[in-house]
1. If a residue has to be closer than 21 Å to L89 by Cβ, of a type outside the set (F, W, Y) and within 24 Å of the chain's Cα centre (by Cα) to count, how many in segment 204-245 make the cut?
2. Please go through segment 153-168 and give me each residue that is surrounded by 16 or more Cβ atoms within 10 Å (Cβ to Cβ), assigned to a loop (DSSP other than H, G, I, E, B) and out of contact with any Asp or Glu (no Cβ under 8 Å at 6 or more places or on another chain), ordered by number.
3. Would you check if there is a residue in segment 313-322 being polar (S, T, N, Q), touching a residue at least 24 places away in the same chain (Cβ under 8 Å), open to solvent by less than 20 Å² (accessible area, probe 1.4 Å) and part of a helix (DSSP H, G or I)?
4. Only one residue in P197, P205, P270, P258 is open to solvent by less than 40 Å² (accessible area, probe 1.4 Å) and within 30 Å of L160 (Cα to Cα). Which one?
5. Would you check which residues across segment 70-129 are assigned to a helix (DSSP H, G or I), among the small types (G, A, S) and open to solvent by less than 20 Å² (accessible area, probe 1.4 Å) and list them?
6. Please verify whether segment 363-374 includes one or more residues that are open to solvent by less than 40 Å² (accessible area, probe 1.4 Å), more than 30 Å from R321 (Cβ to Cβ) and either without any contact (Cβ under 8 Å) to a residue 12 or more places away in the chain or not in a helix (DSSP H, G or I) (or both).
7. Within segment 219-254, take every residue that is touching an Asp or Glu at 6+ places or on another chain (Cβ under 9 Å) and modelled with pLDDT of 95 or more and give me the one that is surrounded by the most Cβ atoms within 10 Å (Cβ to Cβ).
Amino acid sequence: MEGGETEAPVSESLVLISKLPYVTFFHSLLKIMAPEYFEKQEPCLEADGQSGVHRAPDHPRSRPFQVRPRRCFYPVFFHIQMLWELVLLGEALVVMAPSPAESSDTVLALVSCISPLRYCSDFRPYFTIHDSEFKEYTTRTQAPPSVILGVTNPFFAKTLQHWPHIIRIGDMKQAGEMAKQMKVKKLKNLKTLDSKPGVYTAYKPYLNKDEEIIKQLQKGVQQKRPSAAQNAILRRYFLELTQSFIIPLERYVASLMPLQKSISPWKSPPQLRPFIQQDFMKTLEKAGPQLTSRLKGDWIGLYRHFLKSPNFDGWFRNRRREMTQKLEALHLEALCEEDLQQRVQMHSEVETVDLVLKLKDKLTQAEKEQLPVRPGTVAKLRAHIDAVILALPEDLQGILHKPSTP
């Protein structure tokens with residue numbers, strides 16, 4: 001460097017980008033890889049990439065969005081059941097936290113609290129004023145979208161004040177102290193937000209508060225129960241709550257499936273019956289969540305709200321796709337059980353060629369969509385197609401791509 005000039009400091013980061021949601025595992029992986037990368041640069045990444053392939057499946061925390069819920073919800077754990085409802089219904093939520101790490105962990109904990117139900121709206125673990133949706137999310141001319149935002153900039157306390165549900169998280173390192181000082185707050189719509197941790201909302205939960213889980217978690221704090229045990233209790237609570245809610249829906253949707261005896265190999269697969277909200281609601285009286293949950297409250301109102309949410313739309317689309325594929329698979333299996341050679345003899349060459357083309361389409365669909373057919377079904381269908389083609393005149397065999405003989 002020339003006369004008195006100093007070299008500007010260089011800031012480097014190692015960023016891991018993946019479509020897989022193994023958050024805690026990737027975080028642990030970066031802690032190992034980053035120091036080595038800054039010392040040895042690219043060559044170490046190739047070596048870690050090879051070894052990581054073998055390490056990932058055995059990592060004890062390799063589960064989607066596996067964050068520590070107790071730590072994330074500790075400042076607001078008196079309201080965990082209400083937070084579960086807000087996430088279930090796809091409500092617009094803001095998490096205001098002291099750091100990006102605490103913001104991200106809390107947002108991911110919220111998203112995972114309705115597991116195994118998939119959260120189908122958008123979520124931003126760390127949202128800043130530089131994000132492209134900043135203007136859209138801070139405008140007051142329209143209602144906030146169905147999204148969970150995690151923020152740290154105090155500026156958002158003012159610009160997002162119109163959002164319906166705001167969670168303020170204090171420093172998680174002081175969680176032990178906050179447990180003694182924390183009191184159940186009356187949840188009301190505050191015009192200004194103070195710095196105290198809590199949930200600020202005008203939302204009235206549909207279900208009565210479950211005092212048992214609160215007592216259980218408080219007892220764990222008093223007895224200094226290990227964090228792993230507290231986390232397990234909280235995960236099990238959320239899992240059982242979500243399952244109690246979703247089982248009646250699963251049961252009703254399963255009843256929309258046509259009977260297997262209605263599937264004919266020579267007709268198009270039957271259609272699923274439509275989801276009728278009124279019919280579903282009627283099933284709740286005898287087969288509702290009261291069969292598996294001790295919680296009382298307005299379950300009917302909660303279901304009505306849920307049926308209008310993005311989470312229901314995403315869940316039902318997925319279930320309908322799975323059931324439609326099952327119908328296609330059953331139809332394919334029924335075709336494979338037919339004596340195609342005998343059917344070919346009863347029809348003209350034109351009809352036989354049409355049959356081959358339809359069977360080929362079925363085969364392509366089965367392989368492309370990985371239809372849930374019995375083992376050997378696809379191979380059996382392929383053999384049927386080959387046999388039918390071989391029974392046709394040679395010129396047609398050429399057109400239909402005569403299969404190579406073994």
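The values are calculated or read from the model by the stated rules, or taken from the named source; none is laboratory data. Since the structure is predicted, the reported quantities are computational estimates derived from the model, not experimental observations. Counting neighbours? That spans all protein chains shown, and the Cβs are built from the backbone with ideal geometry, glycine included. Areas reflect the complete protein model, heavy atoms only, side chains present, ligands, DNA and RNA absent. Shrake-Rupley method; radii C 1.70, N 1.55, O 1.52, S 1.80 Å.
1. Adding up the residues that qualify gives 10.
2. The answer is L160, Q161, W163.
3. No - not one qualifying residue is present in segment 313-322.
4. Working: P205 fails: open to solvent by less than 40 Å² (accessible area, probe 1.4 Å); P270 fails: within 30 Å of L160 (Cα to Cα); P258 fails: within 30 Å of L160 (Cα to Cα).
Going through P197, P205, P270, P258 in turn, just one is open to solvent by less than 40 Å² (accessible area, probe 1.4 Å) and within 30 Å of L160 (Cα to Cα): P197.
5. Listed by number, the residues that qualify are S103, A109.
6. No, that holds for no residue.
7. L241
Per-residue answers, yes or no, for (1) modelled with pLDDT of 70 or more; (2) of a type in the set (F, W, Y):
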residue	(1), (2)
G4	no, no
V10	no, no
V15	yes, no
Y22	no, yes
S28	yes, no
M33	yes, no
